[in-house]
Amino acid sequence: MTPSPFVKLDGVAKRWNGQLGVEGISLDIPEGSFTALLGPSGCGKSTTLRLLAGLELPDEGKILIDGKDVTTSAASDRNLSMVFQSYALFPHLSVAENVMFGLKVRRVPKKERLEKLHRALEITGLLGLESRKPGELSGGQRQRVALARAIVAGQRLCLMDEPLSNLDAKLRNAVRRDIKKLQRDLGITVVYVTHDQTEAMSMADTVVLMKNGHIQQVGTPEDLYSRPDNTFVAEFVGAPPMALLESSVLAGFGEDKTIGIRAENIQIVPKGEGRMHCTVTESEFLGAETLIGLDHAGATGLSVLRPGLSMMAEGHEIDITFHDENLHVFDAAGQRLSG
Ligand code: ADP
Ligand code: MG
């Protein structure tokens with residue numbers, strides 16, 4: 001028997017005057033896991049999170065947390081903490097007061113409060129800033145105060161909605177690792193909203209990819225990367241995205257199919273020895289590798305990786321090849337066919 005999930009959404013839907021938010025959202029989230037809700041802007045990530053939090057009530061379906069039906073429960077009765085993109089700090093309170101606010105309300109003893117404060121500020125890199133007011137902090141520092149506050153709240157379930165989007169790239173990477181480590185160390189369950197596939201893939205145990213209010217695929221980062229259920233997943237996950245070819249481009253695949261191939265599975269070969277003859281459109285130096293963009297009729301997103309700094313002139317013609325076992329085959333509706 002599999003243990004019952006810590007968080008369960010069952011056929012959840014939310015609409016506003018007929019306008020779709022989300023529909024048919026069913027999801028089992030085990031305790032202690034890190035789940036990312038991923039997808040483009042407007043796909044329903046925040047709506048799903050707000051339904052979980054109790055900030056919206058569903059039109060259909062059920063929500064269970066820790067075995068309890070909370071579908072219509074108030075947010076305050078759901079025993080969870082939340083971190084939003086907008087930090088929602090008290091402007092007249094110091095960093096320390098903001099972080100400890102919830103603990104004070106819950107009458108946690110002072111010694112414990114200060115210990116938790118210290119640990120949270122250490123984790124978020126805010127030591128030394130205890131007495132500053134939010135107005136005296138950068139956007140990134142304010143966001144870290146909001147994270148610290150969620151950390152000390154000590155709830156078993158923490159919901160985060162794009163918490164890193166106001167941080168610069170370097171800090172984002174550092175805080176990303178901190179959040180992940182913290183989630184593991186504390187054994188808490190995190191549901192994390194992001195539109196950034198790198199963030200979802202690097203942090204989450206389970207990625208839930210959404211589009212137009214519907215779930216497209218649920219799986220490990222590896223599942224979504226290696227076995228995308230449809231062409232939307234194939235193109236959304238991975239950098240560069242999977243290239244898609246009309247099946248007529250390659251012999252032996254018949255009509256009306258789409259063939260997917262990833263850049264790392266493509267090799268450049270001498271002229272006349274390739275399966276496709278392509279024109280170089282651009283070269284992008286990434287550091288360890290150079291990404292060469294390629295043009296071919298019936299293909300989108302075609303590219304190949306070369307080691308190190310290895311630019312190729314625009315308009316240069318090259319032959320490429322790949323093995324059939326690295327190809328992904330999708331039907332006319334974009335659904336995965338191959339094993
Ligand atoms: P995401 O967080 O993935 O960017 P949202 O969950 O915020 O997307 O929005 C999903 C859809 O629901 C969008 O089409 C959005 O316009 C709509 N929506 C969200 N909140 C409301 C609201 N309060 N009233 C009407 N429509 C809304
Ligand atoms: Mg959102």
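The C-beta contact set for the stretch 36-50 (first residue within 16 Å of Val7 (Cα to Cα), second residue part of a helix (DSSP H, G or I) and more than 8 Å from ligand 2 (Cβ to nearest atom), distance under 6 angstrom, 6+ apart or interchain) comprises Ala36/Ala200; Leu37/Thr48.
Filtered by the rule that a residue be crowded, with 22+ Cβ neighbours inside 10 Å and within 14 Å of ligand 2 (Cβ to nearest atom), the stretch 185-198 gives Val191, Tyr192, Val193, Thr194. Out of all the residues in the stretch 296-329, which are under 28 Å from the mean Cα position of the chain (by Cα) and more than 18 Å from Glu264 (Cβ to Cβ)? Selection gives Val329 alone.
Rundown of residues vs (1) of a type in the set (S, T, N, Q); (2) open to solvent by 40 Å² or more (accessible area, probe 1.4 Å); (3) touching a strand residue (DSSP E or B) at 6+ places or on another chain (Cβ under 6 Å), yes/no style:
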site: Arg275; (1), (2), (3): no, yes, yes
site: Ala288; (1), (2), (3): no, yes, no
site: Gly298; (1), (2), (3): no, no, yes
site: Leu302; (1), (2), (3): no, no, yes
site: Gly308; (1), (2), (3): no, no, no
site: Glu317; (1), (2), (3): no, yes, yes
site: Ala333; (1), (2), (3): no, yes, no
site: Leu337; (1), (2), (3): no, yes, yes
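Within the stretch 28-80, being within 16 Å of ligand 2 (Cβ to nearest atom), surrounded by 17 or more Cβ atoms within 10 Å (Cβ to Cβ) and within 22 Å of Val237 (Cα to Cα) holds for Thr35, Ala36, Leu37, Leu38, Gly39, Cys43, Gly44, Lys45, Ser46, Thr47, Thr48, Leu49.
Filtered by the rule that a residue be open to solvent by 30 Å² or more (accessible area, probe 1.4 Å), on the phi < 0 side of the Ramachandran plot and not in a strand (DSSP E or B), the stretch 260-273 gives Glu264, Asn265, Pro270, Lys271, Glu273. When Glu97 is tested against (1) more than 29 Å from Glu136 (Cα to Cα); (2) open to solvent by 10 Å² or more (accessible area, probe 1.4 Å), just one condition goes unmet, and that condition is (1).
Going by the structure shown, is Leu182 at pLDDT below 95, away from ligand 1 (no atom under 16 Å from the Cβ), in a loop (DSSP other than H, G, I, E, B) and open to solvent by less than 60 Å² (accessible area, probe 1.4 Å)? No: the conditions fail for Leu182.
The values are calculated or read from the model by the stated rules, or taken from the named source; none is laboratory data. Bear in mind that the values here come from a model prediction, so they are computed numbers and not experimental data. In this analysis, Cβ positions are derived from the backbone assuming ideal geometry, glycine residues included, and neighbour counts consider all displayed protein chains. We work out accessible area using only protein heavy atoms, side chains counted, and drop any ligands, DNA or RNA first. Shrake-Rupley method; radii C 1.70, N 1.55, O 1.52, S 1.80 Å.
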